[in-house]
Amino acid sequence: MHSDRQEQLHQKNLWPCRQEAAINSDLKESADLAWCAGFLDGEGCVMLVKNRRNCGNGVNYRARVCIPQNCLPTLHAFQDRVGVHCKLIQLPHRESYTRPIYQINFDGVHAFNLLKKLRPYLVRKAAEADVIFEYYRTCEPSRHFGPKGAPAHIWHARERCHDALRCLK
């Protein structure tokens, strides 16, 4: 049985270990997110997809981040590290492909959440992420305006963001 003094020393010795474990966990998460940001910078695409509709002004925009890749384990590692909902698909085979091509797609608010998580580490796609943030800040993408569509000022803001993103490509 430990004396009170031994117990106090034991607890004091555990504190640096717990603190070090927390620091190591934070560093690992930072390293994982930095790797994901680098992968997105090199292989990914950030876009506002134009969707045709039968009501309102006939068009709507949706944020999307996609990453095509022929190495499925790499895409699984990306999914696990970012922890944001996405869809993994296999692209249709083409004669020019020597291997199957897979793609992960982050749509709508999931694309926004992914970019928000990776933004501190992004380089090439940083400006594109900022346009998506501006789109969510000013364009009310999750709001449905009914059969008449979005008001003119919101519609113009959406088009401005779409054009700004295209200019960055």
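The values are calculated or read from the model by the stated rules, or taken from the named source; none is laboratory data. Model, not experiment: these values are computed from the prediction. We place every Cβ from the backbone using ideal geometry, glycine too, and count neighbours over all the protein chains shown.
Summary table below
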item: Strands (runs of 3 or more DSSP E) lying entirely in the stretch 47-120 (those with 3 or more residues that are closer than 23 Å to residue 138 by Cα); result: 59-69
item: Search result, residues across the stretch 144-166 that are of a type in the set (Gly, Ala, Ser), exposed (fewer than 11 other Cβ atoms within 10 Å of the Cβ) and not in a helix (DSSP H, G or I); result: 146
item: Single match in 35, 15 (criterion: at pLDDT 95 or above, among the hydrophobic types (A, V, I, L, M, F, W, C) and outside any strand (DSSP E or B)); result: 35
item: Pairs where the first residue, in the stretch 131-149, is among the basic types (Lys, Arg) and the second is surrounded by 15 or more Cβ atoms within 10 Å (Cβ to Cβ) and at pLDDT 90 or above, C-beta under 9 Å, 6+ apart; result: 143/154
item: Unmet requirement for residue 78, which otherwise passes all of (1) touching a residue at least 60 places away in the same chain (Cβ under 8 Å); (2) buried (at least 17 other Cβ atoms within 10 Å of the Cβ); (3) out of contact with any Ser or Thr (no Cβ under 8 Å at 6 or more places or on another chain); result: (1)
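Residue by residue, here is whether (1) on the phi < 0 side of the Ramachandran plot; (2) surrounded by 13 or more Cβ atoms within 10 Å (Cβ to Cβ); (3) of a type outside the set (A, V, I, L, M, F, W, C) holds:
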residue	(1), (2), (3)
58	no, no, yes
67	yes, yes, no
91	yes, no, no
95	yes, no, yes
98	yes, no, yes
106	yes, yes, no
111	yes, yes, no
114	yes, yes, no
